[in-house]
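Notes follow the structure.
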Amino acid sequence: MPTLKDYLGSLVKDLNYARVIADVESANIAKMYAEDELLRHFSIPRMKIDDTELTIPIAIDELEMTVEKDYQPIDNTSFYAITYAEVKNVFKVSSFNREISTSLRKSIYLQIDSLEKSIKSGAEIKISLDSFIETVSDIAIETIISDKKGRVIFDEILKSNNVNDQMIKEKLMINLVKQLQPAIKKRAVAGKIDSAIVTVESDKLREKKPETLLYIKMKITEESMEWQVMEDADGNIVSKLMVE
């Protein structure tokens, strides 16, 4: 079975050959006109095809898939900003003190780096993200409650919302999943359509499933070539193949 590019190339080749046959026939007609006393005064008929439009049914049998090579699943800066903002949101603060902020920043960036490496290595995105979120949630809570002021904030949240440590963690994890999942780009996989193995025979196409069928609209414009005789800069007579 042919590849799509070979099949389409053969169609163009056949159209070119059809033009050759037509031109040979025009040459034979020209000779006939030249030998006839009356016909020699008539213009010689010659057909020229300006545009040819084809609607071609094919079935894709085999498609070579290519995977994105330079895969960057995460925008680290944006991913960090979303994560840090959500931690502040859950703890109902506009900012943390320098000690908490510095510690959180380093820890989150380290975990983002690990997450990115995990996804690039082929690990499932959901599993990798869940692990990242749980680790970051644990680190965030531990970092905040280990600071005196942070401990006060944490206790106030527990008291005012009538919740415990685990409930705070679960809320943070749920919020992070909602915010971060759309921020991860999946590895792009694409099919190389030009190298696809195709079926083109009408009897075989009838047996194919509808989802494998394609209709290709192809427009071909004729651009003829002709030999032109000219004189070069040195006075030599040369022939060049030029677009008509």
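Here is how the numbers come out for the structure above:
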| quantity | calculated |
| --- | --- |
| Residue check for Ile82: touching a residue at least 12 places away in the same chain (Cβ under 8 Å), open to solvent by 40 Å² or more (accessible area, probe 1.4 Å), within 25 Å of Ala140 (Cβ to Cβ) and not basic (Lys, Arg) | yes |
| Positions within the stretch 1-51 being open to solvent by 100 Å² or more (accessible area, probe 1.4 Å), touching a residue at least 12 places away in the same chain (Cβ under 8 Å) and under 19 Å from Ile216 (Cβ atoms), in sequence order | Met1, Lys5 |
| Cβ-Cβ under 7 Å pairs, at least 6 apart or on other chains, the stretch 134-155 side under 15 Å from Met173 (Cα atoms) and of a type in the set (Gly, Ala, Ser), far side open to solvent by 20 Å² or more (accessible area, probe 1.4 Å) and part of a helix (DSSP H, G or I) | Ser137/Lys169; Ser137/Met173 |
| Breaking point among (1) surrounded by fewer than 10 Cβ atoms within 10 Å (Cβ to Cβ); (2) touching a residue at least 60 places away in the same chain (Cβ under 8 Å); (3) not small (Gly, Ala, Ser), for Trp227 | (2) |
| Which listed residue is within 37 Å of the chain's Cα centre (by Cα) and in a helix (DSSP H, G or I), from Thr102, Thr52, Thr83, Thr66 | Thr83 |
| Where a residue in the stretch 108-123 is within 10 Å of Pro73 (Cβ to Cβ) and its partner, wherever it lies, is β-branched (Val, Ile, Thr) and open to solvent by 60 Å² or more (accessible area, probe 1.4 Å), with Cβ under 9 Å and at least six apart | Ser118/Ile127 |
| Residue match in the stretch 128-138 (condition: aromatic (Phe, Trp, Tyr), under 22 Å from Thr102 (Cα atoms) and modelled with pLDDT of 85 or more) | yes |
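Quick grid of which residues meet (1) at pLDDT below 85; (2) assigned to a loop (DSSP other than H, G, I, E, B); (3) open to solvent by 50 Å² or more (accessible area, probe 1.4 Å):
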{"site": "Phe154", "(1), (2), (3)": "yes, no, no"}
{"site": "Ile157", "(1), (2), (3)": "yes, no, no"}
{"site": "Gln166", "(1), (2), (3)": "no, no, yes"}
{"site": "Lys169", "(1), (2), (3)": "no, no, no"}
{"site": "Ile174", "(1), (2), (3)": "no, no, yes"}
{"site": "Gln179", "(1), (2), (3)": "no, no, yes"}
{"site": "Pro182", "(1), (2), (3)": "no, no, yes"}
{"site": "Arg187", "(1), (2), (3)": "yes, yes, yes"}
{"site": "Val198", "(1), (2), (3)": "no, no, no"}
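The values are calculated or read from the model by the stated rules, or taken from the named source; none is laboratory data. Everything numeric here is computed off the predicted structure, so don't read it as measured data. Note that each Cβ is placed from the backbone with ideal geometry, even for glycine, and that neighbours are counted across all protein chains shown. Keep in mind that these areas ignore ligands, DNA and RNA; they rest on the heavy atoms of the full protein, side chains included. Shrake-Rupley method; radii C 1.70, N 1.55, O 1.52, S 1.80 Å.
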